[in-house]
Structure formats: C-alpha cells, structure tokens
1. Using a basic spin-label model with each label point 7 Å from the Cα along Cα→Cβ, how many nm lie between His79 and Lys21?
2. What's the extension gain from Ser450 to Arg593 if we count 0.36 nm per residue and subtract their Cα-Cα distance?
3. Computed from the mean reciprocal separation of all distinct C-alpha pairs, what Kirkwood hydrodynamic radius does the stretch 3-198 have, in Å?
4. Taking amide H positions as placed 1.01 Å from N in the peptide plane, with prolines and chain starts having none, which residues 5 or more places from Gln417, or on another chain, fall under 5 Å of its amide H?
5. Enumerate the calculated ³J(HN,Hα) couplings along the stretch 124-136 in order (Karplus 6.51 cos²θ - 1.76 cosθ + 1.60, θ = phi - 60°), each rounded to whole Hz, writing x wherever the residue is Gly or Pro.
6. Please arrange His523, His554 by how many other C-beta atoms lie within 10 Å of their C-beta, fewest to most.
7. Contour minus end-to-end for Lys219 and His443, with contour as 0.36 nm per residue of separation and end-to-end as the Cα-Cα distance?
8. Kindly give Rg over Rh for the stretch 574-641, based on alpha-carbon atoms, with the Kirkwood expression for the hydrodynamic radius.
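Rule-based calculations on the coordinates, nothing more; no lab input. Predicted model, so just to flag it, every value in this text is computed and none were measured. Glycine gets a Cβ as well: all are built from the backbone with ideal geometry, and neighbour counts include every protein chain shown.
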Amino acid sequence: MSMDELHNALKQHFGFQKFRKGQQDVIQRIVSGHSAAAIFPTGAGKSLCYQLPALMQPHLTLVVSPLLSLMKDQLDFLHSHNIPAARIDSSLSGDQYNQVIREALSGELKILMISVERFKNERFRNQLHRMQLSLLVVDEAHCISEWGHNFRPEYLRLPDYRREFNIEKVLLLTATATEKVSADMCSKFQIEKENIISTGFYRANLYLRISPLQEHQKKQKLLSDLSAAAGEPTIVYVTLQKRAEGVASYLSENGLKASAYHGGMKHEERVRIQNLFMAGSIPCVVATIAFGMGIDKGDIRRVIHYDLPKSIENYSQEIGRAGRDGNPSLCEVYGCKSNLPTLENFVYGDTPDREALSTLLKEIKTAGRQWEFKSLGLSKETNIRPLPLKTLLVYLSIRKIISPKYSYFEEYSFKYQNQAQTIIDRFEGERRDFVSLILQNCHSKKVWTSVDMEALTGQYGADRKRVLTALDYFDTQNWIELTTSQAVEVYDVIDEYFDPEELGDELFKLFKEKEEAEIKRIHNMIRFFEGDSCYSRRLAAYFGELIEEENCGHCSYCSGETVTLSAKEERRDLEELDKRELTGEAAQLLKERADANSLARFLCGLTSPLFTRLKVRKLASFGVLEDYPFKQVREWLEIGFS
C-alpha cells in the first residue's frame, strides 16, 4: 500500500492524524507480506502495529497475549472504533464462547485474542483448523526467550503452532528486549534483521529518582508524597500481595483514596478496580506486577516502586506506564534492600529438588511409547511447581526425550436443550446414524449427560475428531449446552532408553544455572540503582540504545544526588535461633523429605505442591524467616544434616 493509503486508513478507522515513530515502518512490512518485529518502549503504540494491518488482511488475525488485562484493554479500544474483535478465555460462558467461534469461522471477526495455552485445547484446536488465518501476533514476545525476564516455556512452541495452522506472517511485539533477547526471539520465527524495528527506550519526560530509605520510613514518605500531589494518577508497585493490601489500607486510613490490586483477588474485583483507576475515580493503585500490562492510561503522573523491582527489564516496563501523554512524570524507587531476600527467594522457590526430577524421569521411563498425565496431578506427585514443570517438559522436548502430541478433555458433558430424538431427526442417512450412535452412548443423570468417548472410539471405532465436531455443532446450534473437564496432556515418548540419573543431573545443573542467572539479574539491578552515571543513559544502553547526551538532566545522578541503597535493618543472628523448635512440626509432616532444602523452603515461606498437600503452610513457623536469604537459611540448616 502507498503511504497515502496507509494514512487514509489510519484516519478512517482510528481517527489519528499521523503515525507515531516506527509504526508506519512496521505496518508497511506486514501489509507487504513480510513478518516483522516491533520493539517499542511501553506506551509507544505497539498495538496499532497489528490493529491497522488486521483490517487489511483477507482473513483473521490471531493475537497471543499473556494476560487477561492486556486483552481487555485492547478489546475495549477496538470496540470503541467499531472493529470486530473478540477474545477467548476461561471467563466466557458457553454461549459467549460459541458466538465468538461462529464469528471467527464465518469471517465476521478480524481479530481474535487468546492465551498461548489455548493452542493445547483439543476443542479449540479442532475449530482453529477450520479457520482461515492471515497473521499471528505475539504480544510480550520477549516471553519466548530464555534470556528474557519473563520467560514462558509454552511460548517456545509458537513457531510449531504457526507451521501447524499454516499462518503465513508473524508480528512480534515487545517493550523490553535487550539485543540478545531480540535476536533470540526473531531467529525462532526467521524474521530478517531489516524487518526488526526498534524505536529506542529513552524517555525525555520521565524523571528517574532513587531515594535511599530505611524500611520503617517508607510508609510515611509515601503518604507525604501522595498528599503533596493529591489526585494525581499513581501506581505504587510492591512485591507481595499482603504488602499491597497493607499499604493501600494505610493510605485509606490516612485520608487518601487508594486500592490494592494483585493476582490473589477475584477477577471481577480486579476488573472493577482497573476500570475505576482508568476513569480517575481511584487515583492510586497499590499493586503487584499483576497490574499494568496493557493499561493505556496516558496521564499517569507517578510510578513509585515501594519495593525493589525484580530486574532492570521489569523496572523499564513498569516506569514506561508513566507519562504516556508526553508530559513530565515522576518514576521513583524507594531504595531499600529489605525485600531483596524476597526477590531472591522467589527464584530459589522455582528450582526443583533433585529428587523431584528423578520422580518425573522415572515416570516417563516406565510410561511406554505414550505418556498421559494431568498437569495439576503431576505437579503434586513430583513436588514441582507448575511453571518449572512446564519448563521441564519443554526442555525434555528439545532433548528429543518426549514430544507433545495433544491434550484432550477426559470428560465431555452437556445439558439437553432439545430432546435427543429431535436432534437425531434433523439429519438423514449416514449422518443420522452417526448422530444416533453418539447420543446412544451418552449417560444422563438429573441435569447433565456425559459422553462415553471410550465406548464411541473403542467399541464402535468412531473418529474422535468427528465426534467432537458433531458435539460442537450441536452446541453452536443451542441444541445442547456443552462443557469439558479433566484436561489430559498426551506426549509421545521418543527415547525410552535415556539414563534417568544422567539426565536428572544434567537438568538439575541447568536449573541451578538459571537460578544463578536470575540472582545475578537481581544484583545487576542493585548495581544499576547505585551507579555513578546518568540513569537515563545507562537504561537506554542496557537495551542497546546510545544517546548522545552524557547527562539527561532528569534523573537523580544528574541532579547531583549520590545513591547507596539502605541495607536490611538488623535481624537476629540465625545462630541465636532454635532450629529444632522452628522445624520440629514441619519435619514430622515431611518425614523422609525433611532435608535442609525442604525445611529452608518452609522457614522462608516458599510454597510447593508437597506443602499444599500436607497443609504445611498452616504451621506457626511457616515463613517465619521470610526476611532472611534462602541460601543463608539453607546453609544454617545443613550443619544439622551433615
């Protein structure tokens, strides 16, 4: 398309008079038939890079997004401009889901948003094969890189999904990709260097301040800061859910309107708070990092890190939510190392025990040629948290030990909206016989009817995919109301002859290396905040951008402030504590698993599937040492286990 045609489309569909920096370059590549990557800072207009091209594609644009809040905000924007777009997620009712699928299959929809996990859903995969797709968009694309700060193992399968569903073009979007991450994610989709558009990370309107504080000073400073700028839209970031609740309550009790926001709240409540913040009814949200991705609010004047962020990448992403309207905004870090052990302990908590790896590998070894499992059950059985378990499965796939085949629902059930015979009578010939076979192999109770899939596919030799297509059709016609449950993952075991001990050692070493890299990432952030040169310049350089000015004039360093982060206030020496008293009850519950590593997890408040099953978290000493570094607690306990 010509430049004039693109500008006309921009005005017609979105009412904008001109493109922002980089947008036109990306859009021209997509409409010309190329895959591309847009690496723009937060708030720089990445979403338009797929929204406008989607209207010019002959078929559906499929957007993979990591968070519901991201989908919701972008959908609200699209609907406000009368663009046919929808999302599929677990919050949809059966009728809503069916309506979205009907519109996608008929070509009425131009944009469909999903999570990456949706690709494994047997029912959705069956429907997706019947859709015509023009473009795959990967939002927060840095999640595909192991070198990125929010690595999501399921993202590694996106190149395979692209091939399976025959999607010609791909657009990758991210705000926080270092040069290494950018090269990694683009190589996975064979995106050529000339089609990677990066607009830089420097923001002249953001004042970057680091304020060294003691932990006990932070609440009063926050109250003072917000009182001095009452009503200014502000996000206060904290590390823990309980901290979000406590700080928000403190502000409210002292006359300021503030609400907590975190992943432990009900979805409806999170949506309500987000909407009130967007509308200006709540000027301040005290939130974990669950809040903010996709929030398109231009007038956020302050982003305050009450606790240290998780990494330089997280810091960059979170401050990027301030001042999107181009007006001056303050980004302040309350510089105190008190939550440093918490950040480190999050990392240690995701490293599986060596014994857990052995349990997993032995199960695969004895599975035969095909391995089936339920994710939650496997997590409990092996005592590996869900996210590292997903990572392990991807690593085993890469090593050609196993290969993901598909996932299916163990149970299909429905409510009749029409009589069974009425449904059968709508068909003739062989189709009538097939429909009759399905409904004859269903077992009705008071309300719900279950489908005997085993009998249909085993005893009668029916094609499972055809059965599902028929059930979906009945559902979309409102003849039945279909539900699914008990998702089962199916993997082919490619190598039955691997050595579990050798492979277990290799995987454990890999996880320990990742653990070390993540801890290093945290300490790199500390060094960044305590650095002796311009913050804006060093932040841009971290992402590969060089700015000419030696001093930006709008950061703590350029204002002549020297920063040394406050250390953790005095803690009791571990040697003064009674190990037996603190760990006794937990050791009784854990029995043979009560080693130094498990008990250190217990004392530092790190959850695990085993702890949940044994109800270890209810014990009085759970998390009693959460302010201590996990590594230090483990070394202290190891003396008693040597």
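1. 3.4
2. Details: separation 143, 0.36 × 143 = 51.48 nm, distance 4.07 nm.
Between Ser450 and Arg593, full extension yields an extra 47.4 nm.
3. Working: mean 1/r = 0.0593 Å⁻¹.
The Cα-based Kirkwood calculation yields 16.9 Å.
4. The list, which skips near neighbours in sequence, is Ile480, Glu481.
5. With coefficients 6.51, -1.76 and 1.60, one gets 5, 4, 4, 6, 5, 4, 8, 8, 9, 10, 9, 8, 9 Hz.
6. On the way: His523 12, His554 20.
So the residues, fewest neighbours to most, are His523, His554.
7. Values: separation 224, 0.36 × 224 = 80.64 nm, distance 6.02 nm.
Working it through step by step, the gained length comes to 74.6 nm.
8. Numbers: Rg = 10.6 Å, Rh = 11.6 Å.
With Rh from the inverse mean 1/r over Cα pairs, Rg/Rh is 0.91.
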